[in-house]
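Remarks on the structure that follows.
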Amino acid sequence: LKIKTLAYVDCSKAPKHIRPLDNLIFQWCNLYTINDCFRPITHKFNKSQKDEFDGWKRIGANIALWEYWNMGGRYFSPLRVETCFDGIAENLRYFHKNGAINYYCEFTPDYDRQHSQNFAFLNLYVAYKLLYDISLNEEELVKDFMPGYYGPAAKPMTEFMNLVRAELKKVDMPLPAFEMRRPYCTEDFMKKVWGYIEESLGLTEHGSL
C-alpha cells in the first residue's frame with residue numbers, strides 16, 4: 001500500500017528528525033509565489049526552493065512533484081509577454097536525476113483566445129517529450145515543433161520566441177508569479193513583438209487559425 005501526501009506551503013520543508021517509511025510518497029510543491037519559473041531550480045534566485053527539494057531527498061523520501069509554470073489566463077491581466085521555456089528542461093533533468101518518481105504541473109495555457117500564454121503548447125510539447133525521454137535536446141524539439149505548429153509562420157514566431165527568451169535572461173531580479181514588472185517590455189520591444197505577430201499573420205492562410 002502506497003500513501004501519498006502533499007508537501008505544500010506550511011509543510012513543504014522536510015522534517016529534521018523524522019525519517020519516512022518506504023511506502024510514503026511526498027508530493028513536494030515548487031510553489032509559484034516563491035519559485036521563479038523562468039529560471040531553473042538550480043538558479044541563484046531559486047535557492048530556497050532547491051534547498052527544500054534537496055531536503056526531502058536527504059531524508060530518503062519518495063518524492064513526487066507538483067510544479068507551476070507561469071500562470072496566465074484569468075490569473076493576470078493584462079497578460080505578460082513571457083515564456084517559462086528556459087526553466088522546464090533543466091528542472092525535469094534535475095528532478096529525474098535526483099529520484100523524483102512522478103511529475104504534475106499546473107498552469108493555464110489557453111482559457112480562450114483572449115487569454116492565451118505565449119508558446120504554451122510548445123512548452124507542453126517539450127515537457128511531454130522529455131518525460132518520455134529525458135536525454136532529448138530541447139532546442140532540437142523546438143525545431144521540430146515550430147514548423148509543425150505554426151506552418152509558414154515558423155520563422156517569425158521562432159524569432160519572437162528567441163527575443164523573449166533573450167530578454168528574460170537579462171532580468172537580474174526574481175520573477176515569482178506575482179512579480180508583475182517586466183523591465184524588457186519597453187516600447188521598442190513591444191514594437192518588435194507586434195512586428196513578428198503581424199508578419200506571422202501575413203504568412204498564415206486565411207481561416208487556418
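Table for the structure above
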{"item": "All positions within the range 1-10 that are free of Cβ contacts under 8 Å to residues at least 24 places away in the same chain, of a type in the set (A, V, I, L, M) and not in a loop (DSSP other than H, G, I, E, B)", "result": "Ile3, Val9"}
{"item": "Candidate set from the range 154-175 (those that are in a helix (DSSP H, G or I) and among the aliphatic types (A, V, I, L, M)); member that is most open to solvent (accessible area, probe 1.4 Å)", "result": "Ala166"}
{"item": "Any hit, the range 64-77, residues being outside any strand (DSSP E or B), at pLDDT 95 or above and within 25 Å of Asp133 (Cα to Cα)", "result": "no"}
{"item": "Residue check for Phe178: within 22 Å of Phe45 (Cβ to Cβ), loosely packed, with under 11 Cβ neighbours inside 10 Å and aromatic (Phe, Trp, Tyr)", "result": "yes"}
{"item": "Residue that is surrounded by the most Cβ atoms within 10 Å (Cβ to Cβ), among those in the range 184-194 that are in contact with a helix residue (DSSP H, G or I) (Cβ under 8 Å, 6 or more places away or on another chain) and not aliphatic (A, V, I, L, M)", "result": "Tyr184"}
{"item": "Flag if Phe53 is within 21 Å of Met173 (Cβ to Cβ) and either outside any loop (DSSP other than H, G, I, E, B) or out of contact with any strand residue (DSSP E or B) (no Cβ under 7 Å at 6 or more places or on another chain) (or both)", "result": "no"}
{"item": "Residue within the range 72-85 that is open to solvent by less than 50 Å² (accessible area, probe 1.4 Å), more than 26 Å from Leu168 (Cα to Cα) and in contact with a Pro (Cβ under 8 Å, 6 or more places away or on another chain) present", "result": "no"}
{"item": "Qualifying positions in the range 122-146 - more than 16 Å from Trp69 (Cβ to Cβ), in a helix (DSSP H, G or I) and open to solvent by 70 Å² or more (accessible area, probe 1.4 Å)", "result": "Tyr132, Glu139, Glu140, Lys143, Asp144"}
{"item": "Residues of the range 11-37 satisfying the condition of being in a loop (DSSP other than H, G, I, E, B) and surrounded by 12 or more Cβ atoms within 10 Å (Cβ to Cβ)", "result": "Ser12, Lys13, Ala14, Pro15, Pro20, Leu31, Tyr32, Ile34, Asn35, Asp36, Cys37"}
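The values are calculated or read from the model by the stated rules, or taken from the named source; none is laboratory data. All of these numbers come straight from a predicted model, not from anything done at the bench. In this analysis, Cβ positions are derived from the backbone assuming ideal geometry, glycine residues included, and neighbour counts consider all displayed protein chains. To get the accessible areas, we keep the full protein, side chains included, count just its heavy atoms, and leave off ligands, DNA and RNA. Shrake-Rupley method; radii C 1.70, N 1.55, O 1.52, S 1.80 Å.
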